[in-house]
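Engineer: Dumping the structure here so I can ask a few things about it.
The values are calculated or read from the model by the stated rules, or taken from the named source; none is laboratory data. Computed from a predicted structure; not experimentally measured. Neighbour counts are summed over all protein chains in view; Cβ atoms, including those assigned to glycine, are modelled from backbone coordinates with ideal geometry. The area values use the complete protein model at the heavy-atom level, side chains included, leaving out ligands, DNA and RNA. Shrake-Rupley method; radii C 1.70, N 1.55, O 1.52, S 1.80 Å.
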Amino acid sequence: MGQGLWRIARNQQLQQQGYSGQGYLTREHGRRIPANSVSNTSHRKQAQGGIDIYHLLKTRKSKEQEGFINLEMLPPELSFTILSYLNATDLCLASCVWQDLANDELLWQGLCKSTWGHCSIYNKNPPLGFSFRKLYMQLDEGSLTFNANPDEGVNYFMSKGILDDSPKEIAKFIFCTRTLNWKKLRIYLDERRDVLDDLVTLHNFRNQFLPNALREFFRHIHAPEERGEYLETLITKFSHRFCACNPDLMRELGLSPDAVYVLCYSLILLSIDLTSPHVKNKMSKREFIRNTRRAAQNISEDFVGHLYDNIYLIGHVAA
């Protein structure tokens, strides 16, 4: 009698834990897995109050098989293509698993040139022991240094042989790099006008509408927050460069660098007028045409009207 009551109590306990005499109930899926589905009968036997060891081992093995693919088992071209999508941090982590693949020079060369498009060292014979992975670390360190102190950053690049001491080389580096802090870059270009001159000549405004070209210019060379001599210098350099890139258009419209200079100032003022929440009475198209043609009489009314429409629809030229 005592043994029968014990068996009833034990069966109730097993049922509450998710087990039955005929099979194993998984709480995760809420469905019954019959015990007779297991091929090996020796692993179906359970100790009283125990669990299905075979089932757990089989589940663990299947999870291990669902892990990441071993890139060393793939063709090298496919492995390099997969690793080329990683950034520098992830590539360093991948090198802990696939050292030979993740440390490949072509991968690190691609990372260097995708972030820093131009460096003087790219066009030189690499020195003994040169590594693009090491170069990436130096470029990253130099960029951080530049964002703290531009002069020290440029000196760091030169000391490592990454950049030549030439305004043209520095301008190309700045033009092809997007990791430099624009505020520090603006301070540096204001002090290094020789670099600024070469940087302006790298822009190609051929067949671009004037407001769009001005936006592109100020995306690379940020305008100062206030009017002054530096802003006048930027607009003057842009005007000459825009005319040099579009000689046929300038002859057709009868525009000179001085006229483009006036138009650029008008576009900046119009941008502020239309986008500033502090200006309640916005300038109308008629007023803009009248004021602009008063400053530059040879400009056609239709052309000035198109300028107004561009600012009205697209927005600020120096944002």
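Engineer: Between ASP100 and LEU78, take the C-beta separation as r, use R0 = 22 Å, and let me know the FRET efficiency to the nearest 0.05.
Structural biologist: Once rounded, the FRET efficiency stands at 0.90.
Engineer: A follow-up question, please. I'd like the Karplus ³J(HN,Hα) series for the range 243-248: coefficients 6.51, -1.76, 1.60, θ = phi - 60°, whole numbers in Hz, and an x wherever there's a Gly or Pro.
Structural biologist: Values, residue by residue: 5, 5, 7, 10, x, 5 Hz.
Engineer: Then there is this: Fully extended, how many nm does the chain gain between ASN147 and LYS183 (0.36 nm per residue separation, minus their Cα-Cα distance)?
Structural biologist: The ASN147-LYS183 span can extend by a further 12.1 nm.
Engineer: Between LEU313 and THR89, with labels modelled 7 Å along Cα→Cβ, what's the label distance in nm to one decimal, could you check?
Structural biologist: 4.1
Engineer: May I pose another question? Through the Karplus equation 6.51 cos²θ - 1.76 cosθ + 1.60, θ set to phi - 60°, convert the phi angles of the range 292-304 into ³J(HN,Hα) values in whole Hz; use x for Gly and Pro.
Structural biologist: Once rounded to whole Hz, the list reads 5, 6, 5, 7, 9, 6, 7, 7, 6, 5, 5, 5, 5.
Engineer: Before anything else, pin down the relative contact order of the range 202-312: Cα pairs under 8 Å, at least 6 apart, normalised by residue count, whole percent.
Structural biologist: 27
Engineer: On a full-extension model of 0.36 nm per residue, what is the gain between SER256 and ASN207, subtracting their alpha-carbon distance, rounded to one decimal in nm?
Structural biologist: 16.0 nm
Engineer: Report the full-extension gain for the segment GLN297 to TYR122: residue separation times 0.36 nm, less the Cα-Cα distance, to one decimal in nm.
Structural biologist: 58.0 nm
Engineer: Between the alpha-carbon centers of the range 109-137 and the range 290-319, tell me the distance in whole angstrom.
Structural biologist: With the range 109-137 and the range 290-319 each reduced to a Cα centre, they are spaced 45 Å.
Engineer: What's the ranking of 84-90, 305-311, 200-206 by average number of surrounding C-beta atoms within 10 Å, highest first?
Structural biologist: Output ranking for 84-90, 305-311, 200-206: 305-311, 200-206, 84-90.
Engineer: Separate question: Filter LYS124/LYS183; LYS124/LYS168; LYS168/LYS237; LYS134/LYS183 down to the pairs with a C-alpha to C-alpha distance above 21 Å, please.
Structural biologist: Violating the 21 Å limit, Cα to Cα: LYS124/LYS183; LYS134/LYS183.
Engineer: Can I ask one more? Using only Cα atoms, locate the centre of the range 185-220 and the centre of the range 243-285, then give the distance between them in Å, rounded to an integer.
Structural biologist: Taking the Cα centre of each part, the range 185-220 and the range 243-285 sit 17 Å apart.
Engineer: Here's something else I'd like to know. Spelling out what I want: for every residue of the range 96-102, take phi, set θ = phi - 60°, compute 6.51 cos²θ - 1.76 cosθ + 1.60 (Karplus), and round to whole Hz; glycine and proline get x.
Structural biologist: Each residue's phi maps through the Karplus curve to give 5, 9, 10, 4, 5, 6, 6 Hz.
Engineer: Please give the per residue accessible area of the range 166-319, computed with a probe of 1.4 Å over protein heavy atoms only, in Å².
Structural biologist: I get 53 Å² per residue for this part.
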